[in-house]
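What follows is calculated from the coordinates using simple rules that are stated; it is not laboratory data. Source: prediction; values computed, not measured. Positions of Cβ are generated from backbone atoms using ideal geometry, with glycine treated the same way; all protein chains shown enter the neighbour counts.
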Amino acid sequence: MLLIFGLTVRYRPMEAGSFHCPREGGDRDYVLLEARRWASLFFVPLFPLKVLGMVVECESCHGRFDSVTLRMPTSATMEHKIDVAARSLLGAVAACDPMTHAHAVSELEGFLGAPTYCASDLVAHSRIQTPAQRQEVLAAAGRVLDPAGRESLLMAAARAGARAGAISADIRRLVSEAGVALGMTPVHVEGVLTVAQRAVDEAV
């Protein structure tokens, strides 16, 4: 009798979730699979051998990728980081000067492209954060924003501060620290402050 021994690889689902699919370039559902080698007889797996590793399978395109793919942030995660950073920064500007409240809300809505909450809520949101926490969320946003996005966010904060008149020392310091947290150079930050103040002055 001819016996056919061999080796085969089987995949076992371990977890599921949402990830950024490298092939399709968007957020998709995935299954994390454990790859294990099995000894087989007549092509039927008999007993497990060595675990070969983990692979991520996209539920949409069925492509399989290395598990490090899960370290890439999803679009939803990036949007959330940017949203939190924008509310934190514009809230801090509003907390510095009551005269900036309406402008901070307007600039935030313009940056996010959607209605946001009222000025009192914006200020309250800012006051429950420490400066260190604000710098942390800004740094997180800076890692997912491109240079134009970082400048746009900082410009929104600078314009909100400038619309109450000359940018105060407190707001200037706040915007400067935010720019550094976002990953911008001091020269770039100073340029944003200058452009924001000039634009508001020329509009008056």
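Worth a mention:
- Extension gain from residue 61 to residue 194, taking 0.36 nm per residue of separation minus the Cα-Cα distance: 43.0 nm
- Degrees between helix 169-182 axis and first principal axis of the chain (Cα, 0 to 90, nearest 10): 20 degrees
- Whether region 84-126 is rounded, prolate or oblate, judged on the alpha carbon gyration tensor where a/c under 1.5 counts as rounded: prolate
- Our summary gives region 75-203 a relative contact order of 29 percent, counting only alpha carbon pairs under 8 angstrom and 6 or more residues apart.
- Correct option for percent of Cα pairs over 26 Å apart [calculated from the coordinates] among (1) 44; (2) 31; (3) 50: (3)
- Each peptide in 17-30, 77-90 gets a packing score, the mean of other Cβ atoms within 10 Å over its residues, and the list from highest to lowest is 77-90, 17-30.
- Amide H partners (placed H, <5 Å) of residue 40, local residues excluded: 6, 7, 8, 46
- Working note: Karplus 6.51/-1.76/1.60 with θ = phi - 60° gives region 83-91 the couplings 4, 5, 5, 5, 5, 5, 5, 5, x Hz, where Gly and Pro are set to x.
- Nearest-20 debye value, the chain charge dipole, Cβ charges on Lys, Arg, Asp, Glu: 800 debye
- Near residue 59, the amide H atoms lying under 5 Å from its own belong to 29, 30, 31; only residues 5 or more places off or on other chains count, and H is placed 1.01 Å from N.
- Angle of helix 186-203 to the longest C-alpha principal axis of the chain, folded into 0 to 90 degrees and rounded to 10: 50°.
- Working note: Karplus 6.51/-1.76/1.60 with θ = phi - 60° gives region 122-137 the couplings 5, 5, 4, 4, 5, 6, 8, 9, 7, x, 5, 5, 5, 4, 5, 6 Hz, where Gly and Pro are set to x.
- Per-residue ellipticity at 222 nm computed for the chain from its helices equals -16500 deg cm²/dmol, with DSSP H segments shorter than 4 residues left out and the rest contributing -39,500 (n - 2.57).
- Charged-residue dipole, Cβ positions (Lys, Arg, Asp, Glu), region 5-71 about Cα centre, Debye nearest 20: 380 debye
- Point-to-point label distance, residue 118-residue 76, nm (Cα→Cβ direction, 7 Å offset): 3.1 nm
- For residue 62, net neighbour charge (Lys/Arg +1, Asp/Glu -1) across residues whose Cβ lies under 14 Å away: -1
- Proximal charge balance of residue 26 [Cβ under 14 Å; K/R count +1, D/E count -1]: -3
- Three-way shape label, region 115-203, alpha-carbon gyration tensor, a/c 1.5: oblate
- For residue 72, nonlocal amide neighbours, meaning residues 5 or more places apart or on other chains whose placed amide H falls under 5 Å from its own, do not occur.
- Filtered chymotrypsin sites (Phe, Trp or Tyr not before Pro), region 37-116: DSSP coil and at most 15 other beta carbons within 10 Å: 42, 43
- In order along region 142-156, phi translates into HN-Hα couplings of x, 6, 10, 8, 7, x, 5, x, 4, 5, 4, 5, 5, 5, 4 Hz, rounded to whole numbers, per the Karplus curve 6.51 cos²θ - 1.76 cosθ + 1.60 with θ = phi - 60° and x for Gly and Pro.
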